[in-house]
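Written below as structure tokens is the structure these notes are about.
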């Protein structure tokens, strides 16, 4: 009897063809930008998301945390959904690495709306409260069962963020799933975020790898 493991889209393993491609890949020193395979992969990620540059990282968590560090200052607050990966599953990384605190908001099916976000944005004239430094969206939303942000909601959130001068990061670990569900190109979805994290391990069999793409070039 054949058993199909549906516990997660992360249990996929590399095919023999993928292993051979890894074995035969051109390599070089990444610090000096001399690894042609990584360079091409970063350029491809940036192109597919419509962003200026891409950064190859070892995991989706790392991609999210890099983006948070790029966008925020210590003592900032990050608006996110209460069941979101960046808040629920990333070992308190926002506090530890960025020195920022999350502002989790419970939302129906994990989908934040402009109205919910507007109510959580801090008043910058009040010296007693942290600055709202970032809005983080998860698309698709894992703990909500893979729910997808409607395009009009994304556009509304981006317009609100622009009104307040707040950057938007999208945890797009499964953004290709969202693109299929919405029948949209990935870059159409990504245009509503300043940075996007996407995973190569989700359903593709790649061993623990992700990207952060955005306006900011390689950040270490």
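Bear in mind these aren't lab numbers, they're just calculated from the coordinates by the rules spelled out. Model, not experiment: these values are computed from the prediction. Cβ coordinates were reconstructed from backbone atoms using ideal geometry, including for glycine residues, and neighbour counts include every protein chain displayed.
Just the C-alpha atoms of the chain: what Rg/Rh do they give, with Rh taken as the Kirkwood radius?
Details: Rg = 17.7 Å, Rh = 18.0 Å.
Reported Rg/Rh (Cα atoms, Kirkwood Rh): 0.98.
Once the C-beta distance of residue 155 and residue 10 is scaled by a Förster radius of 30 Å, the resulting FRET efficiency is 0.50 to the nearest 0.05.
Computed from Cα positions, the angle between helix 36-49 and the longest principal axis of the chain comes to roughly 40 degrees.
Kindly state, to the nearest 0.05, the FRET efficiency for residue 25 paired with residue 47, given R0 = 25 Å and r defined as their beta-carbon distance.
On the way: r = 19 Å, r/R0 = 0.78.
Efficiency at R0 = 25 Å is approximately 0.80.
Net length available on complete extension from residue 106 to residue 73 is 9.4 nm, with 0.36 nm assigned per residue and the Cα-Cα distance removed. Between residue 58 and residue 40, residue separation times 0.36 nm minus the direct Cα-Cα distance comes to 4.8 nm. What the Cβ-Cβ distance of residue 206 and residue 164 gives, at R0 = 35 Å and to the nearest 0.05, is a FRET efficiency of 0.45.
Here is how the number arises for the chain: DSSP H runs of 4 or more residues each give -39500 (n - 2.57), the sum is divided by the residue count, and the result at 222 nm is -9500 deg cm²/dmol.
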